[in-house]
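Novice: Please read through the structure below; I'll follow up with questions.
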Amino acid sequence: MSDNPRHVHPVYDLFPIEIDGFEALAELALDLRSSWNHATDEVWRRLDPELWQITRNPWVVLQTVSRQRIEHVLGDTAFRKKVDQLASVRKQTAEQPAWFQQTYPVTTPLTCAAYFSMEFMLSEALPIYSGGLGNVAGDQLKAASDLGVPVVGVGLLYQQG
């Protein structure tokens, strides 16, 4: 093993899920709302400030940081309390009816709308945009998400460019 404290494991199933608190970190890392909410930024900065500064990608930070670092940081009661609080807020937000659910009852015929765009700027960590169109489409998806509007973004995932 190298001296580099970062270790990327090729098999995602081998994450250290037995570490108490890891599942909450994984939930937070996979929640795209954090790309425009920024409430979890300090969590990722604490795990690996250099990698967070470079990528702004919580999933990359979680995949890359060493098991020992995760155990060390989650061992800090203040940090663990913050992670648990953020995970709880995330869960409450997901379970609470948003504006759309409150305004339009379950009997509405609209169950899902598709938003077709060539690109969506949701996060710097998800580079599927190049400019203005992606910016507008991403902002509209973010607003729809915050309002609880049942929208699915459909676009293209370019391999290069």
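Throughout, read-outs are computed from the coordinates displayed, never taken from laboratory work. Source: prediction; values computed, not measured. We place every Cβ from the backbone using ideal geometry, glycine too, and count neighbours over all the protein chains shown.
Novice: For the range 7-161, with the dipole built from +1 on Lys and Arg beta-carbon atoms and -1 on Asp and Glu ones, taken about the Cα centre, which of Pro16, Ile70, Val154 lies farthest toward the positive end?
Specialist: Going by the charge dipole, the pick is Val154.
Novice: Here's a follow-up. Just how far, in whole angstrom, is the range 108-161 from the range 52-87 if you go by their alpha carbon centroids?
Specialist: 27
Novice: Taking the Cα centre of the chain as origin and charging only Cβ (+1 Lys, Arg; -1 Asp, Glu), how large is the dipole, in debye to the nearest 20?
Specialist: 200
Novice: Report the far tail of the P(r) of the range 22-96, meaning the percent of Cα-Cα pairs longer than 22 Å.
Specialist: When every Cα pair of the range 22-96 is considered, 15 percent fall beyond 22 Å.
Novice: Could you work out how much longer the chain between Glu50 and Gln140 gets when fully extended? Use 0.36 nm per residue separation minus the Cα distance between them, nm to one decimal.
Specialist: Contour length minus the Cα-Cα distance gives 29.3 nm.
Novice: Shifting gears a bit: Can you tell which of Gln101, Thr111, Val89 lies farthest toward the positive end of the dipole of the chain, using +1 and -1 charges on the Cβ of basic and acidic side chains (Lys, Arg; Asp, Glu)?
Specialist: Value computed over the given set: Gln101.
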